[in-house]
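Accompanying notes for the structure given below.
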Amino acid sequence: MVANFPAVPLGAYLATGTLLALMLVLVVLSLWLLVGASNLSVTITDKALRVQAPFYGRDIPLHEIRADAVAVVDLTRDRFVPGMRTNGIALPGLRLGRYKLARGAVGHVVITTSTTALAVPLADGSTWLLGVRDPVQLQQALLRAINEP
């Protein structure tokens, strides 16, 4: 009697290892995103508006901001309502990334559960929507920083 016992193909081990590695990367990125999302912040320096958010943070030079168009907006009815997400993250209570706004403009969105946000239009035609606790206070501080000599 002859018995044949084939070996497990090497590809099975490689596929399993690759799948486990990808799962680990996804878990680490998800945890990093959740921790980072809880630390969203907006800071005004003497030269820039600093938006700190996972993946989508940026320093926006004050001279690029269209001060005449900075406004507190209602995210449920205004022309700045975030529409289709073109790149970013949307979770319950959190929107980060690039979105098409109601009239087709490009919007960089950093919003949590608030229904109001500060719209910060830039010279390049894009707009940042910043969901902060007190958008009126941020607007006033930003306009003061822009208008300081």
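The values are calculated or read from the model by the stated rules, or taken from the named source; none is laboratory data. Model, not experiment: these values are computed from the prediction. Cβ coordinates were reconstructed from backbone atoms using ideal geometry, including for glycine residues, and neighbour counts include every protein chain displayed.
Observations, loosely collected:
- Test: residue in the stretch 12-21 that is assigned by TED's automatic domain parsing to the domain that holds residue 137, modelled with pLDDT under 85, loosely packed, with under 15 Cβ neighbours inside 10 Å and out of contact with any Phe, Trp or Tyr (no Cβ under 7 Å at 6 or more places or on another chain): no
- Search result, residues across the stretch 90-106 that are of a type outside the set (Val, Ile, Thr), on the phi < 0 side of the Ramachandran plot and not in a loop (DSSP other than H, G, I, E, B): 90, 91, 94, 95, 96, 98, 99, 100, 101
- Residue 91 being under 16 Å from the mean Cα position of the chain (by Cα) and under 24 Å from residue 31 (Cβ atoms): yes
- Within the stretch 123-149, residues that are in contact (Cβ under 8 Å) with a residue 24 or more places away in the chain sit with their Cβ atoms under 6 Å from residues that are of a type in the set (Asp, Glu), at 6+ positions apart or across chains, in these pairs: 123/64.
- Taken as a whole, the stretch 97-117 holds at least one residue that is free of Cβ contacts under 8 Å to residues at least 40 places away in the same chain, polar (S, T, N, Q) and touching a helix residue (DSSP H, G or I) at 6+ places or on another chain (Cβ under 9 Å).
- Filtered by the rule that a residue be exposed (fewer than 14 other Cβ atoms within 10 Å of the Cβ) and either basic (Lys, Arg) or at pLDDT 80 or above (or both), the stretch 94-106 gives a lone residue, 103.
- Filter result (surrounded by fewer than 20 Cβ atoms within 10 Å (Cβ to Cβ) and either of a type in the set (A, V, I, L, M) or not in a strand (DSSP E or B) (or both)) within the stretch 107-131: 112, 113, 114, 115, 122, 123, 124, 125, 126
- Hey, residue 95 within 17 Å of residue 146 (Cα to Cα) and of a type in the set (Lys, Arg) or not: no
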